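Values quoted throughout were computed directly from the atomic coordinates according to the rules given, and no laboratory measurement underlies them. What you see is a predicted model, and the numbers here were worked out from it, not measured in a lab. All Cβ positions, even for glycine, are placed from backbone atoms using ideal geometry, and neighbour counts span all protein chains on display.
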Amino acid sequence: MPLMIPDKKGRLSWREALKFINKCPVCGSVYATDRARLFAEEEQANLIHISCANCQSNFIAMVLVLGHGLSTIGMVSDLNYDDAKKMHALAPIAIDEMIEGHKIIQEEKFLLKIT
Ligand SMILES: [Zn+2]
C-alpha cells in the first residue's frame, strides 16, 4: 500500500487518492497524475477528473477524506473537464422531471419530433 502523507494540519489531500487511481480503466495505461484536476470541493468530498493521455477516455472520481483515510468511487465518463464542471453546478434532476421525460420519450413519433 502506498504511503499516504497528511498536510501540515494532519489532513489527507485528494491528491493522495491518485496513488490508488493510477491506471486508465479503459486501456490500462498509467495515468500522468498531473492531468488530474479538481472540479468540485466540498467539506469531505472532492470530485476529480482525469483524461487518459493514451485513449482520451475520461474518468471521474469522488474522493472522500475520512479522518486518517481516503475512500474513492469512480466511473468512466464521456464528459470532459469543462462539461463535468458545468454539469456539477446544475441543479439535480427532480423526480417529476424524470417522469415527464419518460412520458415524452414514449410519445408517438418522438424521434421525428426531435430531429
Ligand atoms: Zn486509456
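Label-to-label distance, Lys103 versus Leu66, with points set 7 angstrom from Cα along the beta-carbon direction: 4.1 nm. Which are the unpartnered cysteines of the chain, meaning those with no other cysteine Cβ under 4.7 Å from their Cβ? Result for the chain is empty; each Cys has a Cβ neighbour under 4.7 Å. Scanning residues 5 or more positions from Ser29 or on other chains, those with amide H under 5 Å from its amide H are Cys24, with H placed 1.01 Å from N in the peptide plane. To the nearest ten degrees, helix 95-106 and the longest principal axis of the Cα atoms of the chain are 50 degrees apart.
Gain on full extension, evaluated as 0.36 nm per residue between Thr33 and Ala89 minus their Cα-Cα distance, stands at 17.7 nm. 3J(HN,Hα) couplings calculated from phi for the range 68-80 with the Karplus curve 6.51 cos²θ - 1.76 cosθ + 1.60 (θ = phi - 60°) are, in sequence order, 9, x, 10, 9, 10, 10, x, 8, 6, 9, 9, 7, 7 Hz; Gly and Pro show x. Using modelled amide H (1.01 Å from N, peptide plane; none on Pro or chain starts), what sits under 5 Å from the amide H of Ala40, excluding residues fewer than 5 places away? Amide H to amide H, under 5 Å and 5 or more residues apart or across chains, Ala40 pairs with Leu47. Averaging 1/r over every pair of different alpha carbons in the range 14-114 and inverting the result gives a Kirkwood radius of 15.6 Å. Between Glu41, Glu100, Glu16, the Gaussian network model of the chain with springs among Cα atoms under 10 angstrom shows the greatest mean-square fluctuation at Glu100. At most 10 other C-beta atoms within 10 Å and a DSSP loop state: those are the exposed trypsin sites (Lys or Arg not before Pro) I care about. Give me the longest piece of the chain that has none. By the stated rule (loop sites, at most 10 other Cβ atoms within 10 Å), 10-108. When the C-alpha to C-alpha distance is required to be over 32 Å, the pairs from Lys19/Lys85; Lys19/Lys86; Lys85/Lys109; Lys23/Lys109 that qualify are Lys85/Lys109; Lys23/Lys109.
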